[in-house]
Amino acid sequence: MAQPEPRDHHAGAPAPDHAGATAPDHAGATAPDHAGATAPQLVVGITSRALFDLAEADRVFREQGLAAYREHQRRRESVMLAPGTALPLVRALLRLNRTTGERLVRVVVISRNDADTGVRVFHSIAAHGLDIEQAAFTGGREPWPYLSALRCNLFLSAEPADVQDALERGLPAALVSAPPRDVHDADADEVRIAFDGDAVLFDPASERVYQTEGLEAFHQREAARADQPLEPGPFAPFLTALHRIQARLGEERSPVRTALVTARGAPAHLRVINTLRAWGVRIDQSFFLAGEDKTGVLQQLRPHLYFDDQRAHLARAETSTPSAQVLPTGAAQPPLPGVEGGTTTRLFDDRAEAARAAPEGATEAAGQDGAPVTRR
């Protein structure tokens, strides 16, 4: 059995906001703009199954094997792949580069395929008019070591184990759901991203209190700690990266729109507001729904992607809204200045645990892009 590759810790250093406070950050890359100045840059790593609908090709691999899969992809190299769940978000983000004249966003396709079977993906990128120049084809190897090397701020995948690996190394990562019934790909004048709160933007400690002790105990705890900022969750660094772009473009004209859609309600809302103030980060729209179904609000918001940790919420939302699950981890997130701790308490999820329960050795499974993977 091959030895596992050494684990790296994709740690992000805190970055000062405009008020002088520090907010959670994550490998905030910078790139020269056309005028020679320095522009903030968001780097998105995405698998081909998150970008395109590869359900048919994946089915060929699972049912007929690798040789049939290769032949299937070669015969269809000129056939454009349909949009996947995350393509509308990618298109909207890349549009920022054209509208601003700055290279604010870079997208990298990261695939377990080899380059030969990835030709169809590149043809589809061109056919969809996506300005994606970089790709990493790992030939069945795990992608997480390259996420740090490519300075990714976000990783989107359809493979649970790869998402969990990235999250456990401190990188914002999410498992994309199947595309909704209608993928609205043309509306790219804005970038609209929606987040759940606890266990996504914020650490899950408060949610654990609700799950184990009930709503009254949760409200008492949050009211007592209203002035104490929540610790960063796995997607706080991604929110901070978006905030850098918003600050660069100016609050009045920024096409990047963020939304918080949370099951919290009063009095637990105040701690969230005070946390964002302490981080120096703005969220454009906030919905404190006090446990009500989020689906209707999301349908009106029409985010290009919605991030939530709870399958119950996603199961209702994903039929009409592009969605992605933030899987539970035990990774430590960067603590806020003056706040002790920083360890994210793990909330166990049966599906995530099952995805990681493959035995040691040569258990072969289909990878995120249909390529074979040997789990360690």
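The values are calculated or read from the model by the stated rules, or taken from the named source; none is laboratory data. Small disclaimer: the values here were computed from a predicted structure and weren't measured. Here the Cβ positions follow ideal geometry from the backbone for every residue, glycine too, while neighbour counts run over all protein chains shown.
So in segment 113-130, with the set limited to residues that are assigned to a loop (DSSP other than H, G, I, E, B) and surrounded by fewer than 16 Cβ atoms within 10 Å (Cβ to Cβ), which one is modelled with the highest pLDDT? If you could, list the steps in order and put the result at the bottom.
Step one: of segment 113-130, the residues assigned to a loop (DSSP other than H, G, I, E, B) are 113-118, 128-130.
Those still in the list that are surrounded by fewer than 16 Cβ atoms within 10 Å (Cβ to Cβ) too: 114-116, 129.
Details: Asp114: 88, Ala115: 91, Asp116: 89, Gly129: 94.
Step by step, filter segment 113-130, then rank; the result is Gly129.
Do we have Thr85 as among the hydroxyl-bearing types (Ser, Thr, Tyr) and closer than 20 Å to Val191 by Cβ here? Against the criterion (among the hydroxyl-bearing types (Ser, Thr, Tyr) and closer than 20 Å to Val191 by Cβ), Thr85 qualifies. Scanning segment 185-197 for residues that are in a loop (DSSP other than H, G, I, E, B) and either within 16 Å of the chain's Cα centre (by Cα) or free of Cβ contacts under 8 Å to residues at least 40 places away in the same chain (or both) yields a total of 3. The test for being within 30 Å of Thr100 (Cβ to Cβ) and polar (S, T, N, Q) does not hold for Thr262.
Among the residues of segment 103-112, those identified as part of a loop (DSSP other than H, G, I, E, B) and touching a helix residue (DSSP H, G or I) at 6+ places or on another chain (Cβ under 7 Å) are Arg103, Leu104. Taken over segment 241-274, the criterion of being surrounded by fewer than 21 Cβ atoms within 10 Å (Cβ to Cβ), within 19 Å of Asp308 (Cα to Cα) and of a type in the set (D, E, K, R) is satisfied by Arg257 alone. Counting only helices (runs of 4 or more DSSP H) that fall entirely inside segment 254-335 and contain at least 1 residues that are within 21 Å of Glu207 (Cα to Cα) and within 18 Å of the chain's Cα centre (by Cα), the qualifying elements are 311-317. Among the residues of segment 273-320, just one is at pLDDT 95 or above and touching a Gly at 6+ places or on another chain (Cβ under 6 Å), namely Phe288. Looking only at segment 295-333, filter to residues that are closer than 23 Å to Val256 by Cβ and without any contact (Cβ under 8 Å) to a residue 60 or more places away in the chain; which one of those is surrounded by the fewest Cβ atoms within 10 Å (Cβ to Cβ)? The selected residue is Gln300.
Could you please let me know if Val200 is part of a loop (DSSP other than H, G, I, E, B) and β-branched (Val, Ile, Thr)? Yes: the conditions hold for Val200.
Filtering segment 42-84 to residues that are farther than 30 Å from Leu239 by Cβ and of a type in the set (Ser, Thr, Tyr) leaves Tyr69, Ser78.
Checking segment 160-168 against the condition returns no match, with no residue being buried (at least 18 other Cβ atoms within 10 Å of the Cβ), part of a loop (DSSP other than H, G, I, E, B) and either basic (Lys, Arg) or at pLDDT below 95 (or both). Inclusion of Phe218 among residues that are in a helix (DSSP H, G or I), touching a Pro at 6+ places or on another chain (Cβ under 6 Å) and aromatic (Phe, Trp, Tyr) is not warranted. The residues of segment 59-81 that are surrounded by fewer than 19 Cβ atoms within 10 Å (Cβ to Cβ) and touching a strand residue (DSSP E or B) at 6+ places or on another chain (Cβ under 7 Å), listed by number, are Arg62, Leu66.
Among the conditions (1) surrounded by 23 or more Cβ atoms within 10 Å (Cβ to Cβ); (2) farther than 18 Å from Leu305 by Cα, the only one that His219 does not satisfy is (1).
When segment 135-169 is filtered for residues that are hydroxyl-bearing (Ser, Thr, Tyr) and within 23 Å of Phe307 (Cβ to Cβ), the ones remaining, listed by number, are Tyr146, Ser148, Ser157.
For segment 144-159, enumerate the residues that are modelled with pLDDT of 90 or more and crowded, with 23+ Cβ neighbours inside 10 Å. Answer for segment 144-159, where residues must be modelled with pLDDT of 90 or more and crowded, with 23+ Cβ neighbours inside 10 Å: Leu147, Cys152, Asn153, Leu154, Phe155, Leu156, Ser157, Ala158, Glu159.
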